[in-house]
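Here the structure is laid out as C-alpha cells; the discussion comes afterwards.
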Amino acid sequence: MPVPEAEAFYQREAPDRFLPTAYTRGPWDADSQHAGPPAALLGLAVEQRPDARPDMRTVRLTYEIMRPVPIRPLTVSTRVLRAGRSVELVEASLVPDGGKEAMRVTALLMKTAPDSVPQVSQARQLPGPEAVPAKSFFPVPWEQGYHTAMDLRFAAGSFLEPGPATAWMRMRVPLVAGEEITPLSRVLTAADSGNGVSAELDFHRYVFINADLTVGLHRHPEGEWVCLDARTTVDGAGIGLAESALYDEKGPLGRSTQSLYIAARP
C-alpha cells in the first residue's frame, strides 16, 4: 500500500484509524516505524477517549512492544481497566491492517487539584536547546523518516559517541495531520529514543532493541522541546537497561526506562 504524503506522522482516516506517513519510518527497517510515533498515538488515544475526565492527568505509561510496527494503516482501541475517584487505569492497543497487535499501553491517570500541596522538584538544570548546536542523526539509508521529522540538539555526547548523552528533541511536524500537538505527544514521540542517544555499543556490530517503554511524569510538559538525559547499562548475557531523565525548558519532568535485548548482528 502506498505511504500517504503529509507534513505529519499520521493522517486520521476515521476516529480510530490512522495512516502512517514516511515520517514514521525508523532508521533500521524501511518497512517499520520508529516506536516513538506509535507510542505517542496510543497516548493520544488515552487523552482523547470519549469518557476522559478533564481533572485527570496521565502520570505513567507502560508500553509493551510485541513486534515492529509496520508502515500500514493502524486501528487504535481503548478500554478503561479501572475507573476510581482519584485514580484511573486505561489500556490502549494498536493493530496494523492484516496483522496482530503490535503495541499496547497501560496508562495510569491521577486526579489533579492545582496548588493544593507544596511543589517540590529536585534535579540538576541543563543547558537549554538554544544554548547548544543542532546536530543531525547518524546516517540513515532513506531520505525521509523519523530522523527528518525531529530537530535534535546534543548538550552532551552524540549518536556517534558511545556512552551517556543529553539530547534535546523537538517535533518538526504534527503527530496527526491538521491537529494540534498535545504536550504529552511531544514527550512520547521523543522518549523511545533514549537507548539510541545513549548507546554503549556500536550499532553496526550489535542490535539493542527495546521490548518495552515506561514513562513516568510528575509534571505536565510545557513548550516544544523535550530533553533526554540518557544512559545505558549492559549485562554480558545480552540484557540492557536504558534510563532517561526527562526535561522541558522549565525543568525536570520525569523519567523513562527501556528494557533492551542485545545481540551481535549476524
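The values are calculated or read from the model by the stated rules, or taken from the named source; none is laboratory data. From a predicted model like this one, the values you see are computed outputs, not experimental measurements. Because the Cβ atoms are built from the backbone with ideal geometry, glycine has one as well, and the counts that use them run over all protein chains shown.
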- request: Evaluate the following for residue 259: is it surrounded by fewer than 17 Cβ atoms within 10 Å (Cβ to Cβ), more than 22 Å from residue 48 (Cα to Cα) and touching a strand residue (DSSP E or B) at 6+ places or on another chain (Cβ under 6 Å)?
  value: yes
Subset of segment 210-244 [without any contact (Cβ under 8 Å) to a residue 60 or more places away in the chain, closer than 26 Å to residue 66 by Cβ and surrounded by fewer than 17 Cβ atoms within 10 Å (Cβ to Cβ)]: 233, 235, 237, 238, 239, 241
task: Can you work out which of the residues in segment 150-189 that are of a type in the set (Phe, Trp, Tyr) and either within 16 Å of residue 25 (Cα to Cα) or surrounded by 21 or more Cβ atoms within 10 Å (Cβ to Cβ) (or both) is modelled with the highest pLDDT?
output: 168
task: Return yes when residue 20 is closer than 24 Å to residue 255 by Cα, buried (at least 17 other Cβ atoms within 10 Å of the Cβ) and within 17 Å of the chain's Cα centre (by Cα) and no when it is not.
output: no
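Kindly evaluate residue 44 against the criterion of being in a strand (DSSP E or B), in contact (Cβ under 8 Å) with a residue 40 or more places away in the chain and not small (Gly, Ala, Ser).
no
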field: Residues within segment 132-171 that are of a type in the set (A, V, I, L, M) and closer than 20 Å to residue 4 by Cβ, tallied
entry: 3
query: Could you say which residue among 30, 6 is at pLDDT below 95, surrounded by 15 or more Cβ atoms within 10 Å (Cβ to Cβ) and part of a loop (DSSP other than H, G, I, E, B)?
result: 6
field: Selection status of residue 192, within 17 Å of residue 169 (Cβ to Cβ), in contact with a His (Cβ under 9 Å, 6 or more places away or on another chain) and touching a residue at least 40 places away in the same chain (Cβ under 8 Å)
entry: yes
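Any residue that is in a loop (DSSP other than H, G, I, E, B), at negative phi, touching a Phe, Trp or Tyr at 6+ places or on another chain (Cβ under 9 Å) and at pLDDT 95 or above - is there at least one of those in segment 69-91?
yes
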- request: Search segment 91-131 for residues being over 22 Å from the mean Cα position of the chain (by Cα) and hydrophobic (A, V, I, L, M, F, W, C), and hand back the single one that is surrounded by the most Cβ atoms within 10 Å (Cβ to Cβ).
  value: 131
task: Could you tell me which residue of segment 92-124 is farthest from residue 246 (Cα to Cα), considering only residues that are outside any strand (DSSP E or B), touching a strand residue (DSSP E or B) at 6+ places or on another chain (Cβ under 7 Å) and not β-branched (Val, Ile, Thr)?
output: 99
